[in-house]
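One structure below.
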Amino acid sequence: MATYFVTDELIEEAQRSTGLERFDSQSFREGLDVIVQDVNQGEERPPQLLGRLRYGLVKALSDRLKVTAALEARPELLTKPITRPVFVFGVPRTGTTLLNNLLAADPNRRSPLKWELDDPVPPPIADELYTGPRALAALEMDRKIQEMAPDAGKYYRGSAIYPHECVWILAHDFRTLMWESAGKLPLYREWYFSADATPAYEYHKKFLQLHQAEAPGIWNLKMPSHILNIETLLKVYPDAKLVWTHRDPYAATGSLCSLIKLGHMAYMGKVDYEWLGEDYPWQAAEHANRGMASRDNIGEDRIIDVHYADMMRDPIGTARKLYAALGDEFTPEAQAGIQVWVDDNPQDKFGRHEYKLAQFGLTKEKLEPMFAEYLRRYPIEMEG
């Protein structure tokens, strides 16, 4: 077995680069150890791509060190509640990003923005969330990346000042499928789907407590895989509002495989189509099945359903209905903000994301048994 990474060396590198020594917890080591083992015993990767993965691992450790130091300097922040946060989740590629962007367009909501997740310390102040020096520098970097990779927007609608996924917070605890997408990592997949997510959500709360210090608001949060750990999430956030997005699971699965293909190229330099066709349909079905099981346990009405087809046809009307279900006022400011976002982000703005199940050795018939219960239970509008 090769030795590309050593856990202690990664930790020491993060400590040297930040000048910080203390972590709030050692819970991150469990997942990091699995990633290191999986990479070391896996297929050979080009050195520059191993360097890219190493950079990501060290950055996650460095960011956790910085968050820990910032909270040690202001321990009173850990007594501040996170009140009625909204969590958006679902099978991956079912419109969670779209819905997250619609909610974030309401000026009365607070979303973790991409730039602040990339550069989390010091936490932002409210007046600089969208127009501060760090936000503007990140937007300029976005512009340069868009010039180099104009097709990237087909796969994921993002911006430095758009809300971003909780994967970038949970990455600091190494309990997120973001790491699993960096090539073929079967050990990490097996570990992640059986691991206790409690430490990750406890850290997630600390992160939000730091980031609401000077930029408060009702948190609007998104990650498809929150659906895998709903009951754990509710232990940490008992008054959370839960929103499940639904879409044709065959279309969603094809889109997911196509998206993860980019991760394979970025971190392995090649695409393992057989692994994509085996792993990601199972993951998509697991999201649906665990979501239904949790719903049975916590009560049908505890989760609000939003359908991708409705968002595409009538985003404003869908948002209005969601606000009513959340028990929130759909203010003129919210409607205006959402309308501006919709007008600025038409479908296929960056080109059409095209994908076919056959690319990954899949057919609708092969997937039908995996999603039979999900389609029986929810009135999903099929796309083809």
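The values are calculated or read from the model by the stated rules, or taken from the named source; none is laboratory data. On a predicted model such as this, the values are computed, not experimentally measured, just so you know. Cβ coordinates were reconstructed from backbone atoms using ideal geometry, including for glycine residues, and neighbour counts include every protein chain displayed.
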Q) Given the structure, is Glu21 in contact (Cβ under 8 Å) with a residue 60 or more places away in the chain and charged (D, E, K, R)? A) no
(Q) If I filter the range 1-23 down to residues being modelled with pLDDT of 95 or more and of a type in the set (S, T, N, Q), which single residue comes out as surrounded by the fewest Cβ atoms within 10 Å (Cβ to Cβ)? (A) Ser17
Q: Output yes when any residue across the range 64-74 is assigned to a loop (DSSP other than H, G, I, E, B), closer than 20 Å to Ala215 by Cα and out of contact with any helix residue (DSSP H, G or I) (no Cβ under 9 Å at 6 or more places or on another chain), and no when none is.
A: no
Q: Hey, can you tell me all the residues within the range 88-99 that are buried (at least 24 other Cβ atoms within 10 Å of the Cβ) and not in a loop (DSSP other than H, G, I, E, B)?
A: Val88, Phe89, Gly90, Thr96, Leu99
Q.
Can you pull out every residue in the range 325-341 that is at pLDDT 95 or above, crowded, with 16+ Cβ neighbours inside 10 Å, assigned to a helix (DSSP H, G or I) and not polar (S, T, N, Q)?
A. Leu326, Ala334, Gly337, Ile338
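Do the conditions hold for Ser159, that is, is it assigned to a loop (DSSP other than H, G, I, E, B) and modelled with pLDDT under 95? Don't jump to the end; show me each part of the working.
Numbers: assigned to a loop (DSSP other than H, G, I, E, B): yes; modelled with pLDDT under 95: yes.
Taking the combined requirement at face value, the residue satisfies it.
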Q.
Here are the criteria: (1) closer than 28 Å to Gly263 by Cβ; (2) surrounded by fewer than 14 Cβ atoms within 10 Å (Cβ to Cβ); (3) in contact with a helix residue (DSSP H, G or I) (Cβ under 7 Å, 6 or more places away or on another chain). Tell me which single one Gly51 does not satisfy.
A. (3)
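What are the residues in the range 24-48 that are assigned to a helix (DSSP H, G or I), buried (at least 18 other Cβ atoms within 10 Å of the Cβ) and touching a residue at least 40 places away in the same chain (Cβ under 8 Å), if any? Break it down stepwise before answering.
Narrowing the range 24-48 to residues assigned to a helix (DSSP H, G or I): 28-41, 47-48.
Right, trim to buried (at least 18 other Cβ atoms within 10 Å of the Cβ) and you get 28, 31-32, 34-36, 38-39.
Passing the criteria: Phe28, Gly31, Leu32, Val34, Ile35, Asp38, Val39.
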Q | Every residue from the range 284-324 that is outside any helix (DSSP H, G or I) and within 22 Å of the chain's Cα centre (by Cα) | A | Ile303, Ile304, Asp305, Val306, His307
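Return the residue satisfying two criteria in turn: it lies in the range 363-384 and is within 27 Å of Leu262 (Cα to Cα), of a type outside the set (S, T, N, Q) and more than 25 Å from the chain's Cα centre (by Cα), and of such residues it is modelled with the lowest pLDDT.
The selected residue is Gly384.
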Q) How many residues does the range 182-214 contain that are under 23 Å from Asp24 (Cα atoms), of a type in the set (A, V, I, L, M, F, W, C) and in contact (Cβ under 8 Å) with a residue 60 or more places away in the chain? A) 7
Q) Only one of these conditions is not met by Pro332: (1) touching a Phe, Trp or Tyr at 6+ places or on another chain (Cβ under 7 Å); (2) closer than 27 Å to Ala105 by Cα. Which number is it? A) (1)
Q) Looking only at helices (runs of 4 or more DSSP H) that fall completely inside the range 162-279, which ones have 3 or more residues that are buried (at least 18 other Cβ atoms within 10 Å of the Cβ) and over 14 Å from the mean Cα position of the chain (by Cα)? A) 186-192, 198-211, 230-236, 249-267
**Q.** Cross-chain or 6+ apart pairs with Cβ under 6 Å, the range 365-384 first and within 13 Å of Arg247 (Cα to Cα) and free of Cβ contacts under 8 Å to residues at least 12 places away in the same chain, then among the acidic types (Asp, Glu) and loosely packed, with under 12 Cβ neighbours inside 10 Å
**A.** none
